[in-house]
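Read the structure below first, then the notes.
The values are calculated or read from the model by the stated rules, or taken from the named source; none is laboratory data. Predicted model only: the values in this text are computed from it and were never measured. Methodologically, a virtual Cβ is constructed for each residue, glycine included, from the backbone with ideal geometry; neighbour enumeration extends over all protein chains shown. With ligands, DNA and RNA removed, areas are computed over all heavy atoms of the protein, side chains included. Shrake-Rupley method; radii C 1.70, N 1.55, O 1.52, S 1.80 Å.
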Amino acid sequence: MTTAPTATGAGQHRAGRWPRPFRLLYAATVVHDVGFHVGHLAVPVLAVSLLSATPGQVGLLGALSTAAFLLIGLPAGVWVDRWPRRTVLVTADLLRAVLVASVPVAWWAGWLTIHQLYLVVLLTGVGTVFADVAAQSVLPELVGRDRLVAANSLLMSTSGTLQIAGRGLGGLVVQALTAPVAIVVDTVGFALSAAVLARIHAAAPRPVPPGRRGGFGRQLGTGVRHVLGNPLLRPLAASTASINLTMQLTTTMLPVVFLRELGLGPAALGLFLALGGIGALLGAVTARPIAGRIGHGRALWLPGLLVAPLGVLVALVDTGPALWLAGIGWLALAWRTGIGNVIGVSLRQGVTPDALLGRMNATFRFLLTGALTVGAVLAGLLAQYADVRTALLVGAIANGLTWLPVYLSPLRTLP
């Protein structure tokens, strides 16, 4: 059985010990995440508060933000394996900066409509497809396979920290300065990230000669078979996709619950979502010691079993004590997700050859982010034809079962 990547010593976390190309990737990630988390909250708030979007339209907006992974997710992996990955990262950031900038410009000109928001989130998602696949594919090249767990832990713990600060700050910016101003911050983040990434000069893997590549469809199929035919990657994909789908049922409808049903405002919504950042940070920080104590396999399923009952607290969110209980539940769900992200991403990077990294990551992103699209659509349908609370409750109950694919597979006892 293929084993998980080996965790490295704690001393290797010090920034000075990392190669310069990785430090630049890390810096770009920090800049991008600050802008993204500040601006991320602004889009649904703008739709609900300024464009009077219905729950169904909010669901469609969430679905379109990830639909690109279903439309081009798989072929993107083939392209990323063919193109210089730094070029892909820089181009994707510049594309997203221009697209996101069009929203505040249109708002201040009085032209903004829900249909423009649909188009912007869809095309921005195209840039995200290439950026995410390229970033995860270039990491083994920048740090080496023996440091993947440490590098992913650093990246994801930082992301969790920025999610806390960014979403909390985003709620305050939206409330004090309006949603369009918050979206400007997102634009600046993309632009600065592109500038930092352009300074990376790493030795790119030698591309496969065109005569040895095989056809486009054959290359695409090789990546899919690598994931779905691998006894470790297949259950990991099934579990993580189900987590994404069920969490999306909740996150898509939280703005509707907070702003319309509970009347709590954008600041309260931002602070609540920031609790998820705290949970993700705790998960990323504790992933390595937990995996070291109980094994990588158990670290992928046992936390899910432990937090399963707490998801219902989120579905019952209300003012007063119920709000605090829902916050605890949200933090616990994010903690579980943070652990799974570090261990799962490191595992799939570690068992995949360099030549397949782009296609493997694209296949995972197709499945995982495609699940977000399905979750957003399902949330909108449940809210539109039943009610918002039904969407939250279905998400909570289903999330409690998402650890089963790992438990019923060879991953269960992976060292």
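Numbers for the structure displayed
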{"item": "Cα gyration tensor of the chain - equivalent ellipsoid semi-axes, whole Å, descending", "result": "32, 26, 20"}
{"item": "Fully extended contour minus Cα-Cα distance, from LEU323 to LEU404, at 0.36 nm per residue", "result": "26.3 nm"}
{"item": "Gaussian network model of the chain, springs between alpha carbon atoms under 10 Å - residue of TRP18, TRP324, TRP111 with greatest fluctuation", "result": "TRP111"}
{"item": "Alpha-carbon centroid distance for the pair segment 89-115 / segment 298-323, whole angstrom", "result": "36"}
{"item": "Of GLY217, PHE130, LEU197, farthest towards positive along the dipole that unit charges on Lys, Arg, Asp, Glu beta carbons give the chain", "result": "GLY217"}
{"item": "Rounded to the nearest 20 debye, dipole of the chain from Cβ charges on Lys, Arg, Asp, Glu", "result": "1440"}
{"item": "Cα Rg over Rh - segment 218-414, Kirkwood", "result": "1.00"}
{"item": "Cα-projected label distance for GLN116 with ARG293, points at 7 Å along beta-carbon direction, nm", "result": "5.2"}
{"item": "Rounded, prolate or oblate (a/c below 1.5 giving rounded, otherwise prolate when a/b exceeds b/c) for segment 309-392 by Cα gyration tensor", "result": "oblate"}
{"item": "Helical mean residue ellipticity (222 nm; -39500 (n - 2.57) per DSSP H run of 4+; nearest 500) of the chain", "result": "-26500 deg cm²/dmol"}
{"item": "Sequence of VAL34, VAL48 when ordered by accessible area, the most exposed leading, probe 1.4 angstrom", "result": "VAL34, VAL48"}
{"item": "Rounded D (µm²/s) - segment 19-202, Kirkwood Rh over Cα pairs, Stokes-Einstein at 4 °C, 1.567 mPa s", "result": "76"}
{"item": "Lys, Arg +1 and Asp, Glu -1 on Cβ, resulting dipole of segment 323-415 about Cα centre, debye, nearest 20", "result": "120"}
{"item": "Bins of 5 Å, starting at 0 and running to the largest distance - Cα pair percent for segment 280-356", "result": "3, 17, 22, 18, 14, 11, 8, 4, 2, 1, 0"}
{"item": "Mean-position separation - Cα centroids, segment 331-394 and segment 216-272, in angstrom", "result": "3"}
